[in-house]
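The values are calculated or read from the model by the stated rules, or taken from the named source; none is laboratory data. Please read these numbers as outputs of a predicted model, since none were measured by experiment. Ideal geometry is used to build each Cβ from the backbone, glycine not excepted, and the neighbour counts take in all protein chains shown.
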Amino acid sequence: MAFTLSINGRPTRVDADGDTPLLWALRDVLDLKAAKFGCGAGYCGACTVHIDGVATRACQIPVDKVGARKVTTLEGLASTAVAQKVRAAWAEVDVMQCGYCQAGQMMSAIALLSRNPKPSDSDIDAAMNGNLCRCATYIRIRRAIKIAAGIETASEAAA
């Protein structure tokens, strides 16, 4: 079946069965590889994309349920100011170890900072809840979010 979805600001034709998870349409049909398969049950966050600006697990929504909503992947956010700040902070703090979960982590952080530019620790905890990192870089992720928000500097984060 053919669906026309709004992906990264463009109408995009997706030829897939209606019950195909959005994650597989993005990765296998459209060759957008930032969102990763982790658990397939929406628990790990590796597949996080934005749907109408909200961090959403792409493994849990079938393409026939996307409708006219706007889907944005990490590839589609590359040039936004918030994404650039997050990416720079991630590098500054050296968040990544294996890196597998980081696209999903960054998507959740970008969604948070887009709606709340100066989040508290509890705001960060709530936004990042459910994004799992097997390398346990959670402390560095929190620092990177605070640096991207301008709440901390890298030197303060290191102290």
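General remarks:
- Of all residues in segment 49-61, those being in contact (Cβ under 8 Å) with a residue 40 or more places away in the chain and surrounded by fewer than 17 Cβ atoms within 10 Å (Cβ to Cβ) number 2.
- Residue identified as in contact with a helix residue (DSSP H, G or I) (Cβ under 8 Å, 6 or more places away or on another chain), in a helix (DSSP H, G or I), within 23 Å of Leu132 (Cβ to Cβ) and among the aliphatic types (A, V, I, L, M) among Val82, Val95: Val82
- Cβ pairs under 9 Å, 6+ apart, first in segment 106-133 and of a type in the set (Ser, Thr, Tyr), second not in a loop (DSSP other than H, G, I, E, B): Ser108/Thr48; Ser108/Ala55; Ser108/Ala127; Ser108/Met128; Ser114/His50; Ser114/Val82
- Condition broken by Ala144, with the remaining ones in (1) more than 19 Å from Gly40 (Cα to Cα); (2) under 13 Å from the mean Cα position of the chain (by Cα) satisfied: (2)
- Only residues that are farther than 13 Å from Gly9 by Cα and either of a type in the set (D, E, K, R) or touching a residue at least 40 places away in the same chain (Cβ under 8 Å) (or both) were counted in segment 62-91, giving 12.
- Yes/no for Tyr100 being outside the structural domain of Thr153 (by TED's automatic domain parsing) and either in contact with a Pro (Cβ under 7 Å, 6 or more places away or on another chain) or not in a helix (DSSP H, G or I) (or both): no
- If the condition is being surrounded by fewer than 12 Cβ atoms within 10 Å (Cβ to Cβ) and among the hydrophobic types (A, V, I, L, M, F, W, C), then segment 4-41 contributes only Ala41.
- For segment 40-48, the criterion of being in contact (Cβ under 8 Å) with a residue 40 or more places away in the chain, assigned to a strand (DSSP E or B) and under 16 Å from the mean Cα position of the chain (by Cα) is met by at least one residue.
- Check on Asp64, over 24 Å from Cys135 (Cα atoms) and not in a loop (DSSP other than H, G, I, E, B): yes
- Of residues in segment 1-16 being among the small types (Gly, Ala, Ser) and assigned to a strand (DSSP E or B), the one nearest to Lys70 (Cα to Cα): Ser6
- One residue from Arg142, Arg69 being surrounded by 14 or more Cβ atoms within 10 Å (Cβ to Cβ), charged (D, E, K, R) and assigned by TED's automatic domain parsing to the domain that holds Leu26: Arg69
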